[in-house]
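Worksheet for the structure shown next.
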Protein chains: 2
Amino acid sequence: MASAATTKNVYNFNAGPGMLPQPVMKQAQEEFCNYQGTGMSIMEMSHRGPIYSEVHNGAIENIKKLLAVPDNYEVLLLQGGAQGQFAMIPMNFLTPETTADYIQTGTWGKKAANEAQVVGNVNIVADTIKDRPARLPNADELNWSKDAAYVHMTSNETISGIQWHTFPKTQAPLIADMTSDILSRPIAIDTFGAVYASAQKNLGAAGVTVVIMNKDFMASGNKNLPAMFRYSEHAEQGSRYNTPPTYPIYLLYLVTQWALEQGGVAAIEKHNHTKAQVIYDALDASDFYKPTAAKKDRSWMNVTFRLESEELENQFLKEAENQGMVALKGHRSVGGIRASIYNAFPIEGAQALAAFMKDFAAKH
Amino acid sequence: MASAATTKNVYNFNAGPGMLPQPVMKQAQEEFCNYQGTGMSIMEMSHRGPIYSEVHNGAIENIKKLLAVPDNYEVLLLQGGAQGQFAMIPMNFLTPETTADYIQTGTWGKKAANEAQVVGNVNIVADTIKDRPARLPNADELNWSKDAAYVHMTSNETISGIQWHTFPKTQAPLIADMTSDILSRPIAIDTFGAVYASAQKNLGAAGVTVVIMNKDFMASGNKNLPAMFRYSEHAEQGSRYNTPPTYPIYLLYLVTQWALEQGGVAAIEKHNHTKAQVIYDALDASDFYKPTAAKKDRSWMNVTFRLESEELENQFLKEAENQGMVALKGHRSVGGIRASIYNAFPIEGAQALAAFMKDFAAKH
């Protein structure tokens with residue numbers, strides 16, 4: 001059976017959709033047309049039948065285990081991606097009379113705030129979007145509003161390569177978009193009103209979004225909404241209010257099984273730090289490379305840097321690709337180089353990139 | 001490479017998620033880990049890169065070809081299923097001051113009306129939900145409102161097995177939920193304000209929803225909504241406002257390629273009629289089986305009937321399953337037997353069921 005490893009040796013640095021664990025891909029391919037001897041694919045089965053139910057509930061249970069989710073939190077599997085959440089959160093928890101606090105540290109947090117502004121009042125707690133090097137605000141720069149309905153933040157910025165290593169303490173329920181670093185490290189779920197993540201970086205394939213939400217907070221949501229957009233409705237129906245995206249959820253199930261087999265998120269975190277450190281060491285070895293994120297805020301998921309000129313960056317990308325290191329180009333809005341190294345990315349790829357960076361710097 | 005056909009001979013009568021065409025499943029399995037020699041899966045690639053773009057735009061173009069979609073209509077690929085549309089339609093096109101007309105011929109149309117009632121006023125044009133045999137309203141039973149914002153209907157009822165064979169003429173833009181019969185027959189798109197369908201019956205796997213909408217109608221939508229829920233925003237972004245469900249869209253692309261290779265929807269319609277007729281002939285051959293849908297409104301997609309007793313129905317289901325005919329149980333809300341025979345379902349499966357029905361009737 002053909003797999004990425006045997007047919008072509010490629011290191012996939014895509015920022016998302018990103019690579020999935022190779023054992024997951026291999027298993028999914030093998031049982032693609034015939035799941036557990038049924039003669040059918042898992043995607044061709046009823047979403048309420050016993051076989052799919054095991055997968056669906058298994059994915060939820062695995063997430064609870066991996067993140068030690070307390071009993072007073074729900075784990076929901078929804079559609080619409082993180083940007084669906086940008087809209088659903090204010091629709092559920094904000095009104096024209098109330099205010100929500102948004103911390104803007106990048107493009108995604110700003111988009112989230114824009115969606116909320118349609119529904120109610122938004123207070124920008126801090127805005128570091130234009131700061132270079134990219135950085136997070138200090139505690140004394142945070143201008144909280146009184147009686148905020150909630151606080152929204154982005155835990156890791158894929159574009160600029162910065163990440164919150166400790167979370168701010170808030171009065172209001174804290175909601176974090178963890179799309180690009182969920183399952184990459186342990187987090188204290190009970191310090192959040194909600195966390196959410198679309199799947200295509202650390203959890204699997206695009207099409208399913210995981211939401212972990214405090215039950216009391218959920219119950220406080222707006223009732224005067226179409227059922228489809230009420231969190232409480234999805235919770236009551238065990239995330240089968242309507243037909244869920246069964247194949248993306250099946251992949252989520254396999255990825256979370258794989259994460260448990262790796263030793264859980266503490267082991268994954270350690271591995272992620274080792275991987276990122278290999279690249280950051282190469283970055284800091286000379287002044288040939290120009291890091292674009294403040295050192296204290298560097299992301300373990302996305303390593304960003306520039307070279308002397310765009311011409312040299314293009315040369316870098318071309319030579320890297322020739323050596324099987326693909327998708328290292330920075331986000332279209334900022335340019336430069338970006339190495340996205342989510343949970344599934346192998347240490348060998350980080351080592352290969354570091355070695356290439358050393359050679360390339362020596363050569364130019 | 002294992003496929004359903006070679007490993008276990010199963011006829012999958014699932015009502016949805018339903019079976020996919022076998023050549024599609026085989027191709028998807030073969031290129032699962034290594035798409036076009038890239039060393040990556042299509043699901044591991046950027047949703048804005050050239051390789052995925054071909055798939056994404058290809059799916060949209062195929063739908064335009066298959067349904068002869070006029071230039072003044074948009075084809076959108078969204079998330080959230082048909083029930084996402086139940087909510088998005090009134091959010092875009094209904095206000096507390098206006099009224100929408102809903103034709104209720106089954107569970108799904110009623111759910112759609114319930115969602116609209118949260119947003120504005122709903123006039124139930126007709127309600128045949130409780131009628132037995134299941135049936136559609138006659139033209140003289142339709143109580144239209146004046147100046148409706150739109151009319152909503154369900155073109156095929158999967159639960160009761162009835163289907164509109166000619167569509168009502170309406171003053172207001174007509175919106176049809178075609179989840180269970182899209183691509184099963186030619187339709188005159190220009191007689192609709194919009195049609196929509198989630199993918200898991202005739203278009204592929206759960207997780208992507210196709211919306212075909214008149215551009216003028218779309219432009220008339222409510223601007224004061226989060227961007228994520230505005231049709232116009234998705235149209236402007238070519239259905240890549242945010243990360244689309246790339247793997248379900250890839251499957252949609254393969255299924256629509258397959259549909260074109262079958263000769264398009266006219267050829268598929270002919271094949272569907274042949275398939276359904278084989279089963280309806282078996283149904284009508286004696287009074288052993290009790291059809292549950294009015295003869296004039298019978299669906300070509302879902303054939304529904306009952307037997308003398310629940311005990312006998314269970315016996316029927318058990319013996320059918322022993323012969324490899326699975327998922328013939330009627331919807332949990334109505335019981336009985338249901339054979340769902342969407343586009344991908346093979347004629348051999350219909351013939352096998354008809355032969356089994358004859359034998360079973362003779363035996364009992």
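Where a number appears in this text, it was derived from the coordinates with a stated rule and is not lab data. Every value quoted in this text rests on a predicted model; they were computed, and no experiment measured them. No Cβ is skipped: glycine too gets one built from the backbone with ideal geometry, and neighbour counts run over all protein chains shown.
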Discussion item. Out of all DSSP beta bridges in chain A, what portion is antiparallel? Express it as a percent rounded to 5.
Written reply: 55 percent
Item to complete: With a point put 7 Å past each Cα toward its Cβ, work out how far A:Lys130 is from B:Ile51 in nm, to one decimal.
Response: 3.9 nm
Worksheet item: Given labels modelled 7 Å from the Cα in the Cβ direction, how far is it in nm from A:Asn72 to A:Asp287?
Response: 5.4 nm
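Defining a contact as two alpha carbons under 8 Å apart and six or more residues distant in sequence, what relative contact order in percent does chain A show?
About 23 percent, as a whole number.
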Practice prompt. Scan around A:Tyr102 for amide H atoms under 5 Å from its own, H built in the peptide plane at 1.01 Å from N, and keep only partners 5 or more places away or cross-chain.
Written response: A:Asn123, A:Ile124, A:Val125, A:His152
Worksheet entry | Whichever aspartates and glutamates have a C-alpha closer than 14 Å to that of A:Lys201, once near sequence neighbours (fewer than 8 apart) are set aside | A:Glu157, A:Asp177, A:Asp181, B:Glu44
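Starting from segment B:68-124, pick out the GluC sites (Glu not before Pro) whose DSSP state is loop and whose Cβ has at most 15 other Cβ atoms within 10 Å.
Passing sites in segment B:68-124 are B:Glu97.
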Worksheet, complete the sentence: One finds, for B:Leu312 and A:Gln36 with R0 = 25 angstrom and r their Cβ-Cβ distance, a FRET efficiency to the nearest 0.05 of 0.25
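Note down the net charge around B:Gln104, summing +1 for each Lys or Arg and -1 for each Asp or Glu among other residues with Cβ under 15 Å from its Cβ.
Neighbourhood net charge equals -4.
Kirkwood hydrodynamic radius, the protein assembly as shown, all distinct C-alpha pairs: what's the number in Å? Show your work: numbers first, answer last.
On the way: mean 1/r = 0.0373 Å⁻¹.
When all Cα pairs of the protein assembly as shown are included, the Kirkwood radius is 26.8 Å.
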Item to complete: Subtracting the Cα-Cα distance from 0.36 nm times the residue separation, let me have the gained length for A:Asn114 to A:Gln351 in nm, one decimal.
Response: 81.3 nm
Worksheet item: Summing +1 for each Lys or Arg and -1 for each Asp or Glu, what net charge is found among the other residues whose Cβ lies under 14 Å from the Cβ of A:Leu67?
Response: -3
Fill in: Lysine-lysine proximity count for segment B:237-364, Cα under 22 Å, sequence distance 8 or more or distinct chains
18
Worksheet item: Computed from the mean reciprocal separation of all distinct C-alpha pairs, what Kirkwood hydrodynamic radius does segment A:283-322 have, in Å?
Response: 11.2 Å
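To the nearest 500 deg cm²/dmol, what mean residue ellipticity at 222 nm is calculated for chain B from DSSP H runs of n ≥ 4 alone, each contributing -39,500 (n - 2.57), summed and divided by the residues? Mind showing how you got there, number by number?
Numbers: 11 runs with 134 residues, N = 364.
One gets -11500 deg cm²/dmol as the mean residue ellipticity at 222 nm.
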Worksheet item: So, how do all the Cα-to-Cα distances of segment B:211-265 break down into 5 Å bins, in percent, from 0 on up?
Response: 4, 16, 20, 18, 15, 15, 8, 3, 1
Fill in: In Hz, Karplus ³J(HN,Hα) per residue of segment B:30-38 (6.51, -1.76, 1.60; θ = phi - 60°; x = Gly, Pro)
4, 9, 4, 9, 8, 7, 6, x, 7
Response to the item:
Sparse-neighbourhood loop hits (chymotrypsin sites (Phe, Trp or Tyr not before Pro), segment B:271-355; DSSP loop; Cβ within 10 Å at most 15 others) -> none
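Where in segment A:96-168 are there trypsin sites (Lys or Arg not before Pro) that are in a DSSP coil and have at most 14 other Cβ atoms within 10 angstrom of their Cβ? Numbers along the way, then the final one.
On the way: sites: A:Lys110, A:Lys111, A:Lys130, A:Arg135, A:Lys146; in loops: A:Lys130, A:Arg135, A:Lys146.
Qualifying residues, ordered by number: A:Lys130, A:Lys146.
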Worksheet item: Can you tell me the Rg and Dmax of segment A:98-198, counting just the alpha carbons, in angstroms?
Response: 12.6, 34
Worksheet entry | Gain on full stretching of the segment that runs from B:Thr98 to B:Phe167 - 0.36 nm per residue minus C-alpha separation | 22.5 nm
Item to complete: Work out from phi, with θ = phi - 60° and the Karplus expression 6.51 cos²θ - 1.76 cosθ + 1.60, the ³J(HN,Hα) of each residue of segment B:300-317, listed in order in whole Hz, and give x for Gly and Pro.
Response: 7, 9, 10, 9, 10, 7, 10, 10, 4, 9, 4, 4, 5, 4, 5, 4, 4, 4
Worksheet item: Between A:Thr95 and residues 5 or more places away or on another chain, which pairs have amide H atoms under 5 Å apart, with H built 1.01 Å from N, and which residues are they?
Response: A:Asn121
Item to complete: Quick one: pull the percentage of alpha-carbon pairs in segment B:264-363 with a separation above 21 Å.
Response: 27 percent
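Work the Kirkwood hydrodynamic radius out for segment A:26-261: mean of 1/r over every pair of different alpha-carbon atoms, inverted, in Å.
Details: mean 1/r = 0.0542 Å⁻¹.
Hydrodynamic radius (Kirkwood, Cα only) of segment A:26-261 equals 18.4 Å.
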Worksheet item: Can you list the residues, at least 5 places off or on another chain, whose amide H is less than 5 Å from the amide H of A:Met325, using H built in the peptide plane?
Response: A:Tyr11
Discussion item. Which aspartates and glutamates, if any, have their Cα less than 12 Å from the Cα of A:Lys146, not counting same-chain residues under 8 positions apart?
Written reply: A:Asp101
